Amino acid sequence: SRFEKVGMYKTSPVYSDYGHHPTEIIATLQGARELYPHRRLVLLFQPHQYDRTKKLFNDFLPALSIADFSIIADVYDVAGREEDRSVNSEMLATACNSENVVYGGDLDQSRNRLLSEVKERDVIIIMGAGEVDRIAREIV
């Protein structure tokens, strides 16, 4: 669902959002910024499909830079559907050219990075149309 509050991780509200298009990411993060104007937004994003990630690559860069800290997990791959893997999450993180946007690795590595990054009263936003929602459910 869109921008669902799943629960709390310590002092941080945890939201899950299946948005995976750059315009959806921007809308969700701007909405969170309005709800929590004085809190740090920490995003864990899982891109959906290599082909879509490649087509929208340049649109993702400003979207992923809105949060105060963004972790980009490996692309959710629809099994057997994709050939072209010339663009990946590591390249996306690097292209954002910010120390506040990092490549997280697979979902479990990305979850660990998220939890090591979260500070008291941060707002955690977990986004993507793949399996990333599982992380939101696991940490609350």
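The values are calculated or read from the model by the stated rules, or taken from the named source; none is laboratory data. Values in this document were obtained by computation on a predicted structure and should not be read as measured data. Note that each Cβ is placed from the backbone with ideal geometry, even for glycine, and that neighbours are counted across all protein chains shown. Just the protein is used for accessible areas: all its heavy atoms, side chains included, with ligands, DNA and RNA removed. Shrake-Rupley method; radii C 1.70, N 1.55, O 1.52, S 1.80 Å.
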(request) Output the qualifying pairs, or none if there are none: Cβ atoms under 7 angstrom, residues six or more apart or on different chains, first residue in the stretch 1-27 and under 12 Å from L43 (Cα atoms), second residue surrounded by fewer than 17 Cβ atoms within 10 Å (Cβ to Cβ) and among the small types (G, A, S). (result) V14/G7
(request) Go through the stretch 80-119 and give me each residue that's modelled with pLDDT under 95 and hydroxyl-bearing (S, T, Y). (result) S86
(request) Those residues that are of a type in the set (S, T, N, Q) and open to solvent by 70 Å² or more (accessible area, probe 1.4 Å), I need them from the stretch 82-140; list them, please. (result) T94, N97, Q109, N112, S116
(message) of a type in the set (D, E, K, R), touching a residue at least 60 places away in the same chain (Cβ under 8 Å) and outside any helix (DSSP H, G or I): is that true of R81 in this structure?
(response) no
(request) Might you check whether a residue that is in contact (Cβ under 8 Å) with a residue 60 or more places away in the chain, outside any loop (DSSP other than H, G, I, E, B), open to solvent by less than 60 Å² (accessible area, probe 1.4 Å) and aliphatic (A, V, I, L, M) occurs anywhere in the stretch 45-67? (result) no
(request) Could you tell me whether the stretch 27-42 includes any residue that is of a type in the set (D, E), within 15 Å of the chain's Cα centre (by Cα) and either at pLDDT 95 or above or open to solvent by 70 Å² or more (accessible area, probe 1.4 Å) (or both)? (result) no
(request) Considering only the stretch 95-108, state which residues are free of Cβ contacts under 8 Å to residues at least 12 places away in the same chain and within 15 Å of the chain's Cα centre (by Cα). (result) D108
(request) Among the numbered conditions (1) over 11 Å from V101 (Cα atoms); (2) assigned to a helix (DSSP H, G or I); (3) in contact with a strand residue (DSSP E or B) (Cβ under 9 Å, 6 or more places away or on another chain), tell me where E34 comes up short. (result) (3)
(message) Just to verify a result, which residue in the stretch 1-26, among those that are of a type in the set (S, T, N, Q) and open to solvent by less than 60 Å² (accessible area, probe 1.4 Å), is nearest to the chain's Cα centre (by Cα)?
(response) S16
